[in-house]
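Bear in mind these aren't lab numbers, they're just calculated from the coordinates by the rules spelled out. All values derive from a computational prediction rather than experimental measurement. Cβ atoms come from the backbone with ideal geometry, glycine included; neighbour counts cover every protein chain shown.
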2 protein chains.
Amino acid sequence: MKQEIGFVQREVLKEKPDFSSLGFGKYFTDYMFVMDYQQEIGWFDPRITPYEPLTLEPSAMVFHYGQAIFEGMKAYKAADGTIQLFRPEKNMKRLNESCERLCIPQIDEDFLLEAIKQLILTEKDWVPDGEGTSLYIRPFIFSTEPYLGVRPAKQYKLLVILSPSGAYYGDQLSPVRIYVEEQYVRAVIGGVGHVKTAGNYAASLKAQEKADENGFAQILWLDAKENKYVEEVGSMNIFFKINGEVVTPRLNGSILPGVTRDSVIELLKYWNIPVREERISIEEVFAAHARGELEEVFGAGTAAVISPVGELTWNEHAIAINDYKIGELSQRIYDEMTGIQLGKKEDPFNWTVKVEQVEV
Amino acid sequence: MKQEIGFVQREVLKEKPDFSSLGFGKYFTDYMFVMDYQQEIGWFDPRITPYEPLTLEPSAMVFHYGQAIFEGMKAYKAADGTIQLFRPEKNMKRLNESCERLCIPQIDEDFLLEAIKQLILTEKDWVPDGEGTSLYIRPFIFSTEPYLGVRPAKQYKLLVILSPSGAYYGDQLSPVRIYVEEQYVRAVIGGVGHVKTAGNYAASLKAQEKADENGFAQILWLDAKENKYVEEVGSMNIFFKINGEVVTPRLNGSILPGVTRDSVIELLKYWNIPVREERISIEEVFAAHARGELEEVFGAGTAAVISPVGELTWNEHAIAINDYKIGELSQRIYDEMTGIQLGKKEDPFNWTVKVEQVEV
């Protein structure tokens, strides 16, 4: 599948937005990467083309049967002026895992990563360098075949679009209020919660709406079978620091295996801080608080990196975490991760990948 | 929301396909109904326009977060030459239920139904009249706002497209082999299985692929919590006739409330045949077979109307239903339902709606 990547020049470049107030996912760069799939051909015609509207049949299967998956990654302007990615091979691997579960034909991970690098190099002036900013990278695949029978499509489109973005939750780490959802569920074992498919996010909106109405920033999701075990927070993985030990729900088939989650675990091990992946019930969390042992709670995900939790509400019972202050460990992880991502700190894990060496 | 429906004339009409070999969901008519939504305006600009490709931003939220819902209905050429719909108000109501769960702004049910009638009248030459044929109607709504933050979109598109179709599973009722899926699940309570959202279908494809590979036509889905209770078959509701009584899983929050399901129940009551909606385990089904009491099994849905099950396999244990023959009751229900739909039989329930009276 090593193919030449085509290039279609844009007539007029866009005016760039103010990089000091980007928000998240609002602006898109001049170019995008596109590749098509047809059953008889495989993935074909990889190309970098102007970012522009797509043309799709009303019967395109994605609108009806939802075969749509995506990834979220970031490119950072490093301290030395180079552009770098953070563990992009993990995202490529997960993209294929999502493909597999959704019956979407797999992609060549190395090829796509090289194509993404080439796209970023084309758009290097769009990589912001302000505090907390990055070039958000969104690879996604969806079905395009015009047909209404229920079966895997025979035609797909893969795109990579780029969005210069500020910090997801604003510029400062600030602890948020979250509540434990008991009516709606995010995912169940045997379903698709462990992969990044569009339908998971659609299904989560109702609970998020409820959260907003009640003044909460995020939802803490429980498992769908017993409504008892902690799964995720909003669209992030979650960590609890209890009596000096860090616990995060183990990957059970309904939890998304986050790249940030994995990195936090690696980092803690490197620091010799005890960390365990295991099933943890919401009762245990509240019991730890009652014992005065619940020291920190934080979410971990690509968009926010680390999002400290200041308050947890379950059945009208609210508990304050670390007196609504950012935990010491949360801050340390955030500083270390963003330090590595921005090339300001050493990278003993070889997590960062420079965008210079394009080999396509 | 009573608005004038615009009309954009098509330059050249399409050549019609051979109505004797339509298949399902492959051909689309000359026109479609379209309506847009913006948060500040509400639903606006309802119009009947040429069926043509849509133009969407690559960042349109539907590709990323999957807010997409749909309905499936049919228009029939009745024995007297008129065109009629079957319980369309039920589909309009369910469309709004899907809207509600997926945080999509609701539509005016009466208005949309009148718009659908107007569209069908425009396309009356596309309603086929061969055995088992109908004009399949697909209303659907999806998010169009170009934004990558996770929240309900502020812009949507509603379309209604029409597809002249043959019988979903070919022209004759013929019993199919199905197997009981124990690894994958379709839906869980607290999720979105009770509404018609695209993601449900995407999530079901993997198990269908497994079914195909093993020579089965459909999947029998069990509940996600205990992997024990029968939910649906493929994308249909399911009925069991056990010792003279008909049982179908009760609507529990993860089962789709099918219009055909409801109609079968009504019909059975009308005929004074005992029918119960209740939780039924797969063990009970197999036990009934062991006692020689499992008389008939059939799926019920808009596409196929009635689909008899000839064989059921659970954990490598296969049982034959009614010796692989179409059950007497299955056939009777099929004949009655299609008879009513085609205006060949009396309609004591006032289920059919003529498409003449457009009041927009």
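What to note about this one:
- Principal-axis tilt of helix B:109-122 within chain B, Cα atoms, nearest 10 degrees: 80
- A cut-off of 5 Å between modelled amide H atoms, ignoring neighbours fewer than 5 places along the same chain, links A:Glu232 with A:Trp221.
- Start at zero, step by 10 Å, and the Cα-Cα distances of chain B spread as 5, 23, 32, 26, 12, 2, 0 percent across the bins.
- Distances in nm from A:Gly292 to the matching label points in the other copies, shortest first (labels 7 Å along Cα to Cβ): 7.3
- Restricted to Cα atoms, the protein assembly as shown shows a radius of gyration and a Dmax of 26.8, 81 angstrom.
- Within segment A:6-170, percent of DSSP bridges classed antiparallel, to nearest 5: 95
- Charge context of B:Tyr147, other residues only, Cβ under 10 angstrom, K/R +1, D/E -1: +1
- Shortest-first nm distances, B:Ile41 label point to equivalent points in other copies (7 Å, Cα→Cβ): 3.6
- Antiparallel DSSP beta bridges within the protein assembly as shown, as percent of all bridges there, nearest 5: 80
- Gyration tensor verdict on segment A:55-100 (Cα atoms; rounded if a/c is under 1.5, prolate if a/b is larger than b/c, oblate otherwise): oblate
- Label-point spacing at A:Ile319 relative to the other copies reads 4.8 nm, in ascending order, each point sitting 7 Å out from Cα along Cα→Cβ.
- Ranked list, fewest to most other Cβ atoms within 10 Å of each Cβ, for B:Arg138, B:Arg279: B:Arg279, B:Arg138
- In the structure shown, the pairs A:Lys77/A:Lys241; A:Lys117/A:Lys325; B:Lys117/B:Lys241; A:Lys196/B:Lys225 are assessed against 29 Å; a Cα-Cα span above that value is assigned to A:Lys77/A:Lys241; A:Lys117/A:Lys325; B:Lys117/B:Lys241.
- Relative contact order [Cα under 8 Å, 6+ residues apart], chain B, whole percent: 19
- Cβ-to-Cβ counts within 10 Å put A:Ile120, B:Ile326 in ascending order as B:Ile326, A:Ile120, the fewest first.
- Euclidean distance of C-alpha centroids, segment A:155-194 and segment A:1-60, integer Å: 23
- The angle between the Cα long axis of helix B:259-270 and the longest principal axis of the Cα atoms of chain B comes to about 50 degrees, rounded to the nearest 10.
- Of the GluC sites (Glu not before Pro) found in segment B:297-351, the ones in coil according to DSSP and having at most 13 other Cβ atoms within 10 Å of their Cβ are B:Glu316, B:Glu346.
- Environment charge of B:Gln106, counting only residues whose C-beta is closer than 13 Å and scoring Lys/Arg +1, Asp/Glu -1: -2
- Cα shape, segment B:163-287, gyration tensor, a/c 1.5 rule: rounded
- Among the listed pairs A:Lys269/A:Lys345; B:Lys90/B:Lys345; A:Lys206/B:Lys354, those whose Cα-Cα separation exceeds 25 Å are A:Lys206/B:Lys354.
- With all projection directions averaged, the alpha carbon convex hull of segment A:218-360 covers 9.9 nm².
- DSSP bridge orientation in segment B:176-325 - percent antiparallel, rounded to nearest 5: 65
- Considering the rotation that superimposes chain A on chain B, the residue of A whose beta-carbon lies nearest the axis, and that distance in Å, is A:Gly199, 1.
- Computed from Cα positions, the angle between helix B:328-341 and the longest principal axis of chain B comes to roughly 20 degrees.
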